[in-house]
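The values are calculated or read from the model by the stated rules, or taken from the named source; none is laboratory data. What you see is a predicted model, and the numbers here were worked out from it, not measured in a lab. We place every Cβ from the backbone using ideal geometry, glycine too, and count neighbours over all the protein chains shown. Ligands, DNA and RNA are excluded from the accessible area calculation, which covers all protein heavy atoms including side chains. Shrake-Rupley method; radii C 1.70, N 1.55, O 1.52, S 1.80 Å.
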Amino acid sequence: MTDTNKAKSQLIASWAQVVAIVIGVSTVLMNMGRKDQQLATTSEQVKELSSIVSDLARAQVAFSLTDKQTEERLRDLAARLDKLETRK
């Protein structure tokens with residue numbers, strides 16, 4: 001092999017290495033971008049889920065209070081009915 005052929009071969013090999021490195025780095029950067037996007041999406045979903053859970057807890061408390069109030073009203077009505085029945 002002549003010196004010119006060796007130089008050409010080395011140049012081609014060097015460029016191939018550069019291309020391989022660029023492809024490798026770009027692949028790593030793309031994967032990092034995807035993971036960042038997945039983290040952002042997951043973070044948004046967790047925030048939304050937290051809001052939903054908070055709303056459900058508030059609704060449960062409201063229903064419990066409503067149930068208590070209804071139960072108290074029914075007791076009052078039962079007591080009033082008992083009074084009416086005893087008056088007869």
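For LYS68, the shell of other residues with beta-carbons less than 15 Å away shows a net charge of -2, using +1 for Lys and Arg and -1 for Asp and Glu. Simple spin-label estimate for MET30 and SER9 gives 3.3 nm between the two label positions (7 Å along the Cα-to-Cβ direction from each Cα). Legend: calculated FRET efficiency, GLU71 to LEU49, from the Cβ-Cβ distance at R0 = 30 Å, rounded to 0.05, equals 0.40.
Taking all protein chains into account, the per residue accessible area for segment 19-88 stands at 94 Å² (1.4 Å probe). Using a 1.4 Å probe on the protein heavy atoms, what percent of the accessible area of the chain belongs to carbon and sulfur? So the carbon and sulfur contribution to the accessible surface is 62 percent. Compared with the dominant principal axis of the Cα atoms in the chain, helix 3-87 is inclined by about 0°. Net charge dipole, segment 32-88: roughly 240 debye, given to the nearest 20, about the Cα centre with Cβ charges of +1 for Lys and Arg and -1 for Asp and Glu. In the chain, taking the dipole from charged Cβ atoms about the Cα centre, the farthest positive-side position among ALA79, SER14, THR42 is held by ALA79.
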